[in-house]
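First comes the structure, then the notes that go with it.
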Amino acid sequence: MADSPKISIITSVYNTQDYLARTVQSILAQTFTDFELLLVDDGSPDNSGALCDELAKTDPRIRVFHQPNGGPASASNTGLDNARGDYVGFVDSDDIIEPTMYEKLYNAVQVPGVRLAACSGDCIDEEGRTIQGRVVAIGEHGVRDAQELLLDAFQTGSFYGPLSWNKLFDIRLFRDKGIHYDETMLFGDDASVLHRVFEGERCNCLPDTLYHYRTRSGQITDTVTFPPRKLDDLRMYWDWLQYFATRPGREEYVRWATARYWRLFYQFWCQAGAAGNQAALKKDFMAHKKHLDAVLPDLVRSPLLPAGEKLRAVLFCISPTALYRTATAWGGLTAKLRKGN
């Protein structure tokens, strides 16, 4: 294998021995062949680390790194520090990618003035079956200001922008800007630094669905429960809000980021209530609520929120618990009335 491949593909590995071989197979099947695959074993207690070593024997493009468990951001940073390619991409160790993914993304970053590209994705279950209705997509394709991908996330809740695994980056976007993933983030770790990666850049956005994200029971993204680590998203969105508030000409970003922060906070509070761990997480929520209280005047003045939602925000800031109990009781009552009819 060449010492300077065009692309370095980084796969952080932790407890995915049942899926890793299929993931690696989908990467090795790429029509774009000038790449290296860095498998970073993040202290897996299962057989994943040994499997990495076995897979490396099958293809000289695979390089394996073993490290004590440090979390997904730590593993990604190990990959970044050891990558030899001009471009870098990320693939989770239980996901599947289309054979043409990196060929299409590489061609997309050859457009003048473009140093990153993104594609669409969908969600698959443990058996590899597509989960209908769960997609990563964006409405406007083609070359655009990369930070507009975050604005789209604020406006629509789309994950197309705030993800690393659906993108190909010029590696200088990390190295020249001195960017590593935030190792204190256990949720959203692949997104929390992207505002800095995107700064001053243009992204070529493809509509092609090239990435298949696997959802497994018990994952931190499992929607049946509310994992405490998900509160990292509140920190991430608050950091984004603060970042854009200091950037001239980004007033629209700030308005939408403020509205998204409120909606995300309220959504998480309700999800924790439904999951039964709201009381246990109340202290953690309250650590973030001071930020929500600070932007409440902006929410009340916001042209983006209807009057009823503004009132909900005010009542929530006065007493999140009281509002949730009232809303839950009202929801139960109306459900009974509908059932009676």
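The values are calculated or read from the model by the stated rules, or taken from the named source; none is laboratory data. Remember, it's a predicted structure, so these values are computed and weren't measured experimentally. No Cβ is skipped: glycine too gets one built from the backbone with ideal geometry, and neighbour counts run over all protein chains shown. Surface areas here come from the heavy atoms of the whole protein model, side chains and all, with no ligands, DNA or RNA. Shrake-Rupley method; radii C 1.70, N 1.55, O 1.52, S 1.80 Å.
Could you count how many residues in region 271-302 are surrounded by fewer than 17 Cβ atoms within 10 Å (Cβ to Cβ), in a helix (DSSP H, G or I) and among the hydrophobic types (A, V, I, L, M, F, W, C)?
Selection size over region 271-302: 6.
May I ask you to list pairs of residues, at least six apart or on different chains, whose Cβ atoms are under 7 Å apart, with the first in region 68-83 being on the phi < 0 side of the Ramachandran plot and the second being crowded, with 20+ Cβ neighbours inside 10 Å and in a helix (DSSP H, G or I)?
From residues that are on the phi < 0 side of the Ramachandran plot, the pairs are Leu80/Phe174.
Looking only at strands (runs of 3 or more DSSP E) that fall completely inside region 107-152, which ones have 3 or more residues that are of a type in the set (Gly, Ala, Ser)?
Details: elements: 116-124, 130-136, 142-145.
Ranges flagged: 116-124.
So Tyr102 ticks every box in (1) open to solvent by 50 Å² or more (accessible area, probe 1.4 Å); (2) in contact with a Gly (Cβ under 8 Å, 6 or more places away or on another chain); (3) under 21 Å from Ala21 (Cα atoms) but one. Which box is left unticked?
(1)
Gln271 - would you say it is under 22 Å from the mean Cα position of the chain (by Cα) and at pLDDT below 95? Even if it seems obvious, please write down each step before you answer.
Working: under 22 Å from the mean Cα position of the chain (by Cα): yes; at pLDDT below 95: yes.
Yes, satisfied.
To keep it simple, each residue is scored yes or no on (1) at pLDDT 95 or above; (2) under 23 Å from Tyr243 (Cα atoms); (3) surrounded by fewer than 20 Cβ atoms within 10 Å (Cβ to Cβ); (4) of a type in the set (Ser, Thr, Tyr).
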site: Pro68; (1), (2), (3), (4): yes, no, yes, no
site: Val91; (1), (2), (3), (4): yes, no, no, no
site: Cys119; (1), (2), (3), (4): yes, no, no, no
site: Thr130; (1), (2), (3), (4): no, no, yes, yes
site: Gly157; (1), (2), (3), (4): no, yes, yes, no
site: Lys167; (1), (2), (3), (4): yes, yes, no, no
site: Ile171; (1), (2), (3), (4): yes, yes, yes, no
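I need a count of the residues in region 1-50 that are of a type in the set (A, V, I, L, M) and surrounded by fewer than 18 Cβ atoms within 10 Å (Cβ to Cβ).
So in region 1-50, the residues of a type in the set (A, V, I, L, M) come out as 1-2, 7, 9-10, 13, 20-21, 24, 27-29, 37-40, 50.
Filter again for surrounded by fewer than 18 Cβ atoms within 10 Å (Cβ to Cβ), leaving 1-2, 21, 28-29, 50.
Going through region 1-50 one residue at a time, the tally reaches 6.
Filter region 303-326 down to residues that are over 27 Å from Arg229 (Cβ atoms) and not hydrophobic (A, V, I, L, M, F, W, C) and give me whichever is least open to solvent (accessible area, probe 1.4 Å).
Checked region 303-326; the qualifying residue least open to solvent (accessible area, probe 1.4 Å) is Glu309.
Cβ-Cβ below 7 Å, separation at least six or inter-chain, first residue in region 308-327 and in a helix (DSSP H, G or I), second surrounded by fewer than 16 Cβ atoms within 10 Å (Cβ to Cβ) and among the acidic types (Asp, Glu): which pairs?
Filtered contacts from region 308-327: Cys317/Asp293.
Output the number of residues of region 172-201 satisfying the condition of being part of a loop (DSSP other than H, G, I, E, B), within 21 Å of Lys6 (Cα to Cα) and in contact with a Phe, Trp or Tyr (Cβ under 8 Å, 6 or more places away or on another chain).
Residues meeting the conditions: 1.
Could you grab me the full set of residues in region 42-64 that are under 16 Å from Ile27 (Cβ atoms), in contact (Cβ under 8 Å) with a residue 24 or more places away in the chain and not polar (S, T, N, Q)?
Listed by number, the residues that qualify are Leu51, Cys52, Leu55, Asp59, Pro60, Arg61, Ile62, Arg63, Val64.
With among the small types (Gly, Ala, Ser), in a strand (DSSP E or B) and at pLDDT 95 or above as the only criterion, which of Ser12, Ser26 stands out? Show your work before the answer.
Working: Ser26 fails: in a strand (DSSP E or B).
Going through Ser12, Ser26 in turn, just one is among the small types (Gly, Ala, Ser), in a strand (DSSP E or B) and at pLDDT 95 or above: Ser12.
Would you point out the residue of region 65-106, among those that are assigned to a loop (DSSP other than H, G, I, E, B) and among the β-branched types (Val, Ile, Thr), that is farthest from Lys167 (Cα to Cα)? I'd like the intermediate steps shown before the answer.
Looking only at region 65-106, we keep the residues that are assigned to a loop (DSSP other than H, G, I, E, B), and these are 68-71, 83-86, 91-95, 98-100.
From what's left, among the β-branched types (Val, Ile, Thr): 91, 100.
Numbers: Val91: 10, Thr100: 13 Å.
It comes out as Thr100.
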